[in-house]
Every structure is written in structure tokens, then in C-alpha cells.
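Student: Starting off with a structure, shown below.
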Amino acid sequence: LLQTLRENKRLVVGLVVAPLGLYTGIRIKDWRTERKVSEIQREVQNTRQPPPEPSESDEIRAELQNLRSARAQLGRQESLLNQELEGVLAKLKRLDAQDAKQEKEK
């Protein structure tokens, strides 16, 4: 057997390389499988994660928008109240004028 191995070096190389190739191939297959599994797990985790909480700047921006709309609403209310006040003042002037007219007639 030793004589045959010494004479046929290709056979020795084949006997050494074949198991190494098989072992390496199995390791590569295992590595690829683990990589695919980890990618799938990562994708599943990404889909299960709750939506990100709004950042502080988003909260500030929303609060600023709310304050601006409240200011606009207060401006409209102020305008309506000014119109109402002018109407009341005009009525008071007319009533004062009528009272003064009635006082003169007496």
C-alpha cells in the first residue's frame, strides 16, 4: 500500500484534498445558511419594531404649529370682539343723544 501511494502521488493528493474540499464546502454552506437566517431574523425584527417615537424637534415643531394656529384664532376673536364693541359704543352714543334730546324737550 505504501509502495502504491509513493508511486501514485495523484492518489495521495486526491485522498488529502477530497476530505478538505468536502469539509470546506460544508463550512461554506453552513456559513451561508447562518447568514441567510440572520438576515431574515433582522428583517423580522425590523418589521416588528414599533414606529419610532417623534423626536424632540418634531414635538417642538408640532407645538409651534399649534401655538401659531391658536394665535390666529385669538386674532380672529379679537377682531370680532372689536366689531361688537364698536357696535355697542355706537348704540350707547345714540341712546345718550336720545336722552339728551329728551332732557332738552322737558
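The values are calculated or read from the model by the stated rules, or taken from the named source; none is laboratory data. Keep in mind it's a predicted model, so treat the numbers as computed, not measured. All Cβ positions, even for glycine, are placed from backbone atoms using ideal geometry, and neighbour counts span all protein chains on display.
Student: For the stretch 1-42, enumerate the residues that are surrounded by 10 or more Cβ atoms within 10 Å (Cβ to Cβ) and not in a helix (DSSP H, G or I).
Tutor: Asn8 - this is the single residue of the stretch 1-42 that is surrounded by 10 or more Cβ atoms within 10 Å (Cβ to Cβ) and not in a helix (DSSP H, G or I).
Student: Which residues, counting only those in the stretch 43-63, are part of a loop (DSSP other than H, G, I, E, B) and either loosely packed, with under 10 Cβ neighbours inside 10 Å or at pLDDT 85 or above (or both)? Let's see the steps before the verdict.
Tutor: Our first condition is that a residue be part of a loop (DSSP other than H, G, I, E, B); within the stretch 43-63, this holds for 49-55.
Correct list: Gln49, Pro50, Pro51, Pro52, Glu53, Ser55.
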